[in-house]
Amino acid sequence: MKEVLRWELRSPLNLAMTSGGAVLVGLVMKRYYMTWSTSSHGAPSGVEMLGSVFRDAFTGDVYLLLALLVPFLVTLAVRLERDEGVALSVYSLPVSRVRILLAKFLAAFLLLLIFVFSVHLLVFTLHFAATPEAVAEVLKVQTIPMAFFYLSALLFMVSVAAVVAIASPNTYISIFGGFVLLYLPEFVGADWFWLLKWRDALTNYKWATISLSMDPVFGREFLRVTLLPALILVAIYLIIGNWRDVR
């Protein structure tokens, strides 16, 4: 499994797509910070002022980009080899199909988590570099909650895209179906949509200044709409992938 995971992480196509998507995410975040700075009228200082700015950079536009990027990346890992009939990442090693599928899933998830979260930290740090003490204070308090937020949110999004990819009849339906499932509820403003729970967790940033354990990101409600369904979807993905024959 380690060899398959290493192969997937080093894939030039996966790296190019993830890095390109992360650049677009960074541009959207930079635009958000510039808009905030233009309307703030004064130098930022302290966690109270910059805490929300740091967390709220995960905007609806960022989610839209991820809703496009995640199905593309997961489809390349899970669906493309099946459709083309050429399994580039299968070796002559005794690796089970479940481990191959799990390695592909983990590779897509890890690439997204590392690239996107790193861009978030980089853009925030560079934009407010004129006030390094304030930036350091914000990062000290908010980095762990935001890292967990990205882990939970991306795990959920990748799990949705993985189930769609493994169950779809072809690559095109996989990409389109994954995007629709991830973004359509947000587009139509469905009140039950889990993204609203993510926003609730992000906007209640002041709790993190009191105690990390009190941050809504670590709350039961947030975990219930992200990690719990993600684990269930990963299990469904592995079951379907192990059941279906490789063409």
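Annotations
- Any pair with Cβ under 7 angstrom, 6 or more apart, that starts in the range 160-186 at a residue that is among the hydrophobic types (A, V, I, L, M, F, W, C) and ends at one that is open to solvent by less than 50 Å² (accessible area, probe 1.4 Å) and not in a helix (DSSP H, G or I): ALA165/ARG79
- Counting only helices (runs of 4 or more DSSP H) that sit completely within the range 45-94, those holding 1 or more residues that are modelled with pLDDT under 70 correspond to 46-55, 80-84.
The values are calculated or read from the model by the stated rules, or taken from the named source; none is laboratory data. All values derive from a computational prediction rather than experimental measurement. Using ideal geometry, Cβ is built from the backbone for each residue, glycine included, and neighbour counts are taken over all protein chains shown. The protein model used for the area step is the full one, side chains on, heavy atoms only, and it has no ligands, DNA or RNA in it. Shrake-Rupley method; radii C 1.70, N 1.55, O 1.52, S 1.80 Å.
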